[in-house]
Amino acid sequence: MEPVIIVLIILVVLVFIALIKTIQVIPQASAAIVERFGRYTRTLNAGLNIVVPFIDTIRNRIDLREQVVPFPPQPVITQDNLVVNIDTVIYYQVTDARAATYEVASYIQAIEQLTVTTLRNIIGGMDLERTLTSREEINAALRGVLDEATGKWGIRVNRVELKAIEPPTSIQDSMEKQMRADRDKRAAILQAEGVRQSEILRAEGEKQSQILRAEGEAKAAALRAEGEAQAVRTVFEAIHAGDPDQKLLSYQYLQMLPKIAEGDANKLWIVPSEIGDALKGLSGAVGNFGSGLGGNGASGGTVPAQERREKPSID
C-alpha cells in the first residue's frame, strides 16, 4: 500500500505543477513571449492564458507602459572646441514585445548608446552659445533620430529632454561676469530713463503751471481793465447827468494841480492848455463873488477894478 500512496502523491503534485504551468495570468499593460522548444510561438496579452506545460516556456515579460530612463552626463565637444556635459532623459514605450525581445539584445543599452552618438553629432555642429539657447532644436533633432532608429526594435521614443547643459568652470565664470555686466547696464539704462522721464514730467508741469498762471494774469488784467472802464463809464455818465458848469470844472482843475506835482522826481511837469481857460473862468467867478460882497457892505468901500487887475495872477 505504501508504494501506491507514494505514487498517487507524486501524481497529484505533478498535476498541480502542470496546472500552474498551464494557466498564465498576464497583468494589464504587460506582455509575455512564449517559446516552444526554444522557438518563438506567440505573445501572451493581458488576462488569463493557457499554455502547454513542460513544452511552452515564458521567455520574457515586458512592461508596455511608458518608461522614463535618465542617462548619466555625457561629455560632448562643441564646434568651438569646448567640452560640455549634457544630461538626457528619454521617454519611450514598447509597442512590439516580440521585436523588443528578438531584434536587439538590450534595448535600454542600445537607446543609451544611440542617444550619446546622436547627441555628439548634433552638438558638434553648434557653438557653445547656440547649444545653450537651442534646447528645443536639439530635443527635436534627437527625438527624430531615435524614433527612426528604434522603430525596428518595437520601441517608440515619445520625448527626449536635455536635463542639464554644464559648460566648463572657466566659461561659467565668464558667463556670470557677462550676465552681471548686462544686468548692471540694464539697471543704469533704466535709472537714466527714469531720471529723464522725471525731468520731462517736471518740465511739463512747470510749463503747464506757467501757462495757467499767465492765463490767470491775463484774465485778471482783462477783468481789472473792464472794471476800470466800467468805473470811468459810470463817472462819465454821472458827470453828464449832473451837467457841471465851467466854474465847477475850473475848481476841479485846481484840486488836481498838487497831485500832478507830487513826487521828488517830478522836476518838470506840463500844464495843459485848458488850465488857463479854467483859471480865467475861476478868476471871473472870484471877481464876481468879490464885487457882490463890496456892493452889499454898509461901511466897506469899493475896490477899484484897476487894483484888482494889478494883483499877481495865480500863474
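The values are calculated or read from the model by the stated rules, or taken from the named source; none is laboratory data. None of the values given here were measured: they were computed from a predicted structure. Glycine also receives a Cβ, built like all others from the backbone with ideal geometry; neighbour counts cover every protein chain displayed. With ligands, DNA and RNA removed, areas are computed over all heavy atoms of the protein, side chains included. Shrake-Rupley method; radii C 1.70, N 1.55, O 1.52, S 1.80 Å.
Numerical summary
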{"item": "Lone unmet requirement of (1) loosely packed, with under 13 Cβ neighbours inside 10 Å; (2) of a type in the set (Phe, Trp, Tyr); (3) under 30 Å from residue 117 (Cα atoms) for residue 91", "result": "(1)"}
{"item": "Pairs with Cβ under 8 Å, 6+ apart, first in the range 117-141 and of a type in the set (Asp, Glu), second outside any helix (DSSP H, G or I)", "result": "127/78; 127/79; 127/80"}
{"item": "Filter result for residue 108 (in a helix (DSSP H, G or I) and either within 13 Å of residue 164 (Cα to Cα) or in contact with a strand residue (DSSP E or B) (Cβ under 9 Å, 6 or more places away or on another chain) (or both))", "result": "yes"}
{"item": "Inter-residue pairs, beta-carbon under 8 Å, first more than 17 Å from residue 64 (Cα to Cα) and in the range 99-115, second polar (S, T, N, Q) and crowded, with 20+ Cβ neighbours inside 10 Å, 6+ apart", "result": "110/150; 114/150; 115/88"}
{"item": "Which numbered condition residue 85 fails, given (1) touching a helix residue (DSSP H, G or I) at 6+ places or on another chain (Cβ under 9 Å); (2) open to solvent by 30 Å² or more (accessible area, probe 1.4 Å); (3) part of a strand (DSSP E or B)", "result": "(1)"}
{"item": "Residues within the range 122-134 that are assigned to a helix (DSSP H, G or I) and either surrounded by fewer than 13 Cβ atoms within 10 Å (Cβ to Cβ) or not basic (Lys, Arg) (or both), tallied", "result": "7"}
{"item": "Residues (open to solvent by 90 Å² or more (accessible area, probe 1.4 Å), part of a helix (DSSP H, G or I) and closer than 20 Å to residue 119 by Cα) located in the range 145-203", "result": "148"}
{"item": "Filter result for residue 250 (in contact with a Leu (Cβ under 8 Å, 6 or more places away or on another chain), modelled with pLDDT under 75 and either open to solvent by 90 Å² or more (accessible area, probe 1.4 Å) or in a helix (DSSP H, G or I) (or both))", "result": "yes"}
{"item": "Given (1) assigned to a helix (DSSP H, G or I); (2) touching a helix residue (DSSP H, G or I) at 6+ places or on another chain (Cβ under 9 Å); (3) hydrophobic (A, V, I, L, M, F, W, C), number of the condition residue 116 does not satisfy", "result": "(2)"}
